[in-house]
Amino acid sequence: MTRTNSPAPYDVAVVGAGVLGAWTAYQLQTSGARTVLVDAHGPGNSRSSSGDESRIMRMGYGADEIYTRSAVRSLKLWKKLFADSDDALFIETGVLWLAHEGDPYPVQTRETLQKLGVRCEHLTTGELGKRFPQFQLEGVTWGLLEPDSGVVLARRAVQTVTREAMRCGVEYLQEAVAPPDDAGQIDAIVTVSGRRITAEKFVFACGPWLPKMFPRLLGERIHPTRQEVFYFGAPASDSRFRPPLMPTWIDFNDEAYGLPEIDGRGVKIAIDRHGPVFDPDQGDRLASSAGLSEVRECLARRLPGLKDAPLLESRVCQYENTSNGDFLIDRHPDFENVWLVGGGSGHGFKHGPAVGEYVAARIAGRSEGIEPRFSLQSKKSTRERAVY
Ligand SMILES: Cc1cc2nc3c(=O)[nH]c(=O)nc-3n(C[C@H](O)[C@H](O)[C@H](O)COP(=O)(O)OP(=O)(O)OC[C@H]3O[C@@H](n4cnc5c(N)ncnc54)[C@H](O)[C@@H]3O)c2cc1C
């Protein structure tokens, strides 16, 4: 990395236009920093973790108030973005937690939501059966409904954030950036095609590629895992599986979640358990027959009306897990002007706006200090998931 005497054309270069990088670039630019955003494959591309059709926008996080606060702030900013851009990409489906006897998580979720003034409803199994008769409630002892939560249409939302960022002055480049090979203060990053991008500060928001970008530092701290997602076709004219009749639902006890049919893409269902290690560049993105059998069993148990529904589509995505699921947002210890932003760990999408705001405030010097839970120091090589 060589130094030049000319002033950098950009205040900040953000590498990675997934949800975290796109929002960071947008927030930087709108707070006055000249920003360039660079992505190897394009915003919301199919290899990225942000590239699927939809992501759940829930407020509940058990006792983890920090993420509930972040989700509340983010929902507000998502709604503002969509209102400003005329893209209705938040669907208020409601989010229904299916709670099981003795599971503290939904109880803590309810307490946190109530404490922070987030609207939620406690439903008995009788009430659940009346309001959501499409669900079979075996093993469920009560339900918690977040009526104002829902789904963000993920891939398109990332493209919208990027487009709005560009409208505000962000320059976007489709280039793959090579890992920085120096230390100390860097002036520029270089793309694999040889282009040099000079800036004062750099943000690497490369999602599951962060371990490839910084193998020595992050190779053991971020673990990309293979995750399968399935979309099933509801019977024609059957509105029970679409909003407003069908909410998004989460059953962490059974490690499953599902989304109603949106945009005619099918009813989505997935297992929320870490899969095998996955390479975001070369990994095979054909879903497995074992994965299909597992979600079919889950459908038969929870949504019997979809027991024999045809599979419309499947996707393989990856979580980029930190040791416990907390985000990584910190400076690179070897580069004074490089920030690392990632570790979404299967729950990060919804927080894009708040993460962008957090990073922009620190880079601009408006806020000091790093939340200890987001620090590099807190990231271990062990895998003990604690944040869901
Ligand atoms: C199956 C699944 C379900 C999920 N469900 C939810 C959910 O319901 N709710 C929720 O909130 N979250 C959910 N998540 C998590 C969420 O999607 C991720 O945490 C989030 O999308 C991560 O965003 P990111 O910007 O960090 O990474 P990414 O979206 O992967 O973006 C990284 C970007 O960096 C670019 N890049 C990488 N290397 C380079 C390079 N060298 N040069 C230039 N560009 C580069 C890539 O092309 C990519 O676009 C889920 C994730 C998965 C996989």
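Seen through its C-alpha gyration tensor, with square-root eigenvalues sorted a ≥ b ≥ c, the stretch 337-388 comes out oblate because a/c lies at 1.5 or above while a/b is not bigger than b/c. About the centre of its Cα atoms, the chain shows a dipole size close to 360 debye [charges on the beta carbon of Lys, Arg (+1) and Asp, Glu (-1) only; nearest 20 debye]. Working from label points 7 Å from Cα in the Cα-to-Cβ sense, the ALA236 to CYS168 distance is 4.6 nm. I need the calculated FRET efficiency for the pair ALA364 and GLU336, taking r as the beta carbon distance and R₀ as 25 Å, to the nearest 0.05. Here the calculated transfer efficiency is 0.95.
Annotation: extensible slack from GLN377 through ASP148 equals 78.9 nm (criterion: 0.36 nm per residue apart, minus Cα-Cα distance). With K and R counted +1 and D and E -1, the other residues having a Cβ less than 9 Å from that of ALA234 yield a net charge of 0.
By the rule of a C-alpha distance below 28 Å, with chain neighbours fewer than 8 residues away ignored, the lysines paired with LYS379 are LYS201, LYS212, LYS350.
Near the amide H of SER323, within less than 5 Å, lie the amide hydrogens of LYS380, all on another chain or at least 5 residues away, with H placed in the peptide plane. For the residues VAL295, VAL158, VAL359, a GNM of the chain with alpha-carbon springs under 10 Å puts the largest fluctuation on VAL295.
Straight Cα distances below 17 angstrom link LYS79 to the aspartates and glutamates ASP87, GLU92, GLU146, ASP148, GLU164, GLU357, with same-chain residues fewer than 8 positions distant left out.
Gain on full extension, evaluated as 0.36 nm per residue between ARG119 and LYS307 minus their Cα-Cα distance, stands at 64.4 nm.
State whether the stretch 182-280 is rounded, prolate or oblate according to the following rule on the C-alpha gyration tensor (a ≥ b ≥ c being the square roots of its eigenvalues): a/c under 1.5 gives rounded; otherwise a/b larger than b/c gives prolate, and the remaining case gives oblate. Taking the square roots of the gyration eigenvalues as a ≥ b ≥ c, the stretch 182-280 is prolate. Residues in the stretch 152-159 carry Karplus couplings, in order, of 9, 6, 4, 4, 5, 5, 5, 5 Hz; the curve used is 6.51 cos²θ - 1.76 cosθ + 1.60 with θ = phi - 60°, and Gly or Pro positions show x.
Taking a straight line from the alpha carbon of LYS268, these lysines sit under 17 Å away, with near neighbours fewer than eight places off in the same chain left out: LYS307.
Every number in this text was worked out from the coordinates using simple rules, so none of it is lab data. Just so you know, these numbers come straight off a predicted model, no measurement behind them. Backbone-built Cβ (ideal geometry, glycine too); neighbour counts: all protein chains shown.
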